[in-house]
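Below is one structure, written out as structure tokens; the observations come after it.
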Amino acid sequence: MEDITVIGVRGLPLIRAGDNIAALICEKIRVQEGDILCVASTIWSKAKGYTRKLSDITPTERAVRLGNLNGEDPRFVQGVLDASSDIIMEHPFILSEMSYGHIGVRAGVDQSNIDDGMIILLPPDPMKAADELRQAMKEASGKNVGTIITDTCGRSFRRGQTGNAIGWSGFTAIRDFRGDTDLFGHVLKITEEAVVDEIAGFSNFVMGESNNGVPAVLFRNCGTWTGHDDLYFRGDEDICRKLLKKKNGINE
Ligand code: GDP
Ligand code: MN
Ligand code: MN
């Protein structure tokens, strides 16, 4: 097994609505069968037009209230509310769930790396986006690559943001170690490794956050694994979410 190689895709243009990201990437790098391609959600959304003009947004009463409470533009807040399927926390920032299970600060809505007065939303169905990207990579390169749509996310318990996978295609999100034996012959009972987030995390490190201009990262020789796709806690499993909603007086 060869060592893992990580390649940042440099020299991509500023992405505009209608761009074929896979074709642009394949002009810059040569992909191989089995590679894993991480793409920042921000460029996927720009290419697909998942953006909004602040001046087109009319804030509701709730958006005005939360805008005042958190010191944010009520139109931006409305964009966040519109992208959310469930609000978990309102202050000091909005923490919400998207319809597909991802929980993020301000619903992952960005105002950076886009023209003034515009916001970038997360793709409404990132799993579908990852499938589409994989298909487009096959068409552009003839190769089968796995894909991950990433976003930079805050986290609980620790300072600092890291890259997370919000959509993936071509492998399972989780590598399941349960039932394996460790070096001492103990059977593992709990360990499920969130492989897609680990890869997304490293890709985020290569991308950088501001003006690096590296929105895609290729991984080679990651090998294969088996597991499942239940990355998001459901209902009662999610203890922290339940406690947060209770503390903030938000009823189920
Ligand atoms: P997010 O993590 O998906 O919210 O995206 P970021 O705004 O953090 O951008 C990730 C990386 O992509 C950074 O290196 C940015 O400079 C770069 N980036 C963002 N938009 C574009 C673009 O349109 N073209 C290029 N070439 N790079 C971009
Ligand atoms: Mn983002
Ligand atoms: Mn980022």
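The values are calculated or read from the model by the stated rules, or taken from the named source; none is laboratory data. If you're wondering where the values come from, they're calculated on a predicted model, not measured in any experiment. So basically every Cβ, Gly included, is an ideal-geometry build from the backbone, and we count neighbours across all protein chains shown. Surface areas here come from the heavy atoms of the whole protein model, side chains and all, with no ligands, DNA or RNA. Shrake-Rupley method; radii C 1.70, N 1.55, O 1.52, S 1.80 Å.
T191 is checked against (1) exposed (fewer than 15 other Cβ atoms within 10 Å of the Cβ); (2) within 15 Å of ligand 2 (Cβ to nearest atom) and fails just one. What number does that condition carry?
Only one criterion is unmet by T191, namely (2).
For segment 122-159, how many residues are surrounded by fewer than 22 Cβ atoms within 10 Å (Cβ to Cβ), in a loop (DSSP other than H, G, I, E, B) and within 15 Å of ligand 2 (Cβ to nearest atom)?
3
Just to be sure I understand, how many residues within segment 77-107 are buried (at least 20 other Cβ atoms within 10 Å of the Cβ), within 18 Å of T42 (Cα to Cα) and not small (G, A, S)?
The qualifying residues number 5.
Does F184 meet the test of being away from ligand 2 (no atom under 16 Å from the Cβ), in a loop (DSSP other than H, G, I, E, B) and at pLDDT below 95?
Answer is yes for this residue.
Would you confirm, using the coordinates I've provided, whether I114 is β-branched (V, I, T), assigned to a strand (DSSP E or B) and open to solvent by less than 60 Å² (accessible area, probe 1.4 Å)?
So I114 fails the test.
Residue-wise test of (1) touching a Pro at 6+ places or on another chain (Cβ under 6 Å); (2) in the same structural domain as D110 (by TED's automatic domain parsing); (3) more than 16 Å from ligand 3 (Cβ to nearest atom); (4) farther than 25 Å from E27 by Cβ.
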site: G167; (1), (2), (3), (4): yes, no, no, no
site: N204; (1), (2), (3), (4): no, no, no, no
site: S210; (1), (2), (3), (4): no, no, no, no
site: V214; (1), (2), (3), (4): no, no, no, no
site: V217; (1), (2), (3), (4): no, no, no, no
site: D238; (1), (2), (3), (4): no, no, yes, yes
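Listed here are the residues, each with its yes/no results for (1) closer than 27 Å to G213 by Cβ; (2) touching a Pro at 6+ places or on another chain (Cβ under 9 Å); (3) not in a loop (DSSP other than H, G, I, E, B).
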position: Q32; (1), (2), (3): yes, no, no
position: P59; (1), (2), (3): no, yes, no
position: A63; (1), (2), (3): no, yes, yes
position: L66; (1), (2), (3): no, yes, yes
position: Q78; (1), (2), (3): no, yes, yes
position: P92; (1), (2), (3): no, no, no
position: S99; (1), (2), (3): no, yes, no
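Of the residues G154, G167, which single one is within 13 Å of the chain's Cα centre (by Cα) and over 18 Å from C38 (Cα atoms)?
The conditions single out G154.
Looking at segment 14-36, I want the residues that are within 15 Å of G146 (Cα to Cα) and have a partner that is basic (K, R) with Cβ atoms under 7 Å, at least 6 apart or on another chain. Which pairs are those?
Filtered contacts from segment 14-36: V31/K143; Q32/K143; Q32/R220; E33/K143; D35/R220.
From the list R65, R52, R30, pick out the single residue that is closer than 30 Å to T224 by Cβ, open to solvent by 70 Å² or more (accessible area, probe 1.4 Å), modelled with pLDDT of 95 or more and charged (D, E, K, R).
R30
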